[in-house]
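The structure under discussion appears below in the form of structure tokens.
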Amino acid sequence: MGVLVHPIPPYFFCMANKTTVTANKKNFHSKLVTQDLDDDGVYHIETKQDVTNVINNVKMLSETTIPGKDIRHVAEIPMVVAEQAMREGWFNDTAKMKAWLNNSDNSIFRVWKGKV
């Protein structure tokens with residue numbers, strides 16, 4: 001079972017905090033954690049996703065999909081990664097998205113193995 005986690009820093013746990021669950025689905029859990037210290041507006045988002053189904057889907061697609069000349073199914077991006085990209089501001093940044101897709105660490109999510 002593969003799980004991707006956007007961690008909360010260890011120093012964070014020594015402060016009082018409030019947790020709001022923002023998503024609680026079968027393979028995807030997300031919560032917003034806010035500090036209750038001087039109301040400084042600091043918050044952290046913890047997201048966990050079991051990506052086993054995503055990986056299995058990628059395997060199936062890579063075995064059955066024939067890439068077209070002009071259009072190709074390049075990858076399946078897990079929701080946890082999409083949320084991280086939105087938070088960090090690179091979701092709509094073509095160059096950064098291509099860099100993520102071409103990074104060998106993320107090849108497990110690639111349907112088509114060519115360079116994007």
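Please treat every number below as a calculation from the coordinates, not as lab data. Owing to the predicted nature of the structure, the values given are computational and were not obtained by experimental measurement. So basically every Cβ, Gly included, is an ideal-geometry build from the backbone, and we count neighbours across all protein chains shown.
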> Quick one: if the Förster radius is 30 Å, what FRET efficiency do Asn53 and Lys18 give, using the C-beta to C-beta distance and rounding to 0.05?
Replying inline: 0.45
> Where a Cα-Cα gap under 22 Å defines reach, which lysines qualify for Lys59, not counting those fewer than 8 residues away within the same chain?
Replying inline: Lys26, Lys48, Lys69, Lys98, Lys113, Lys115
> Using a simple spin-label model with points 7 Å from Cα along the Cα→Cβ vector, what separation in nm is obtained for Asn102 and Lys25?
Replying inline: 3.0 nm
>> I need Trp112, Trp100 ordered by Cβ neighbour count within 10 Å, fewest first.
In response: Trp112, Trp100
> Taking neighbour counts of Cβ atoms within 10 Å as a proxy for exposure, in what order, fewest first, do Glu46, Glu88 appear?
Replying inline: Glu88, Glu46
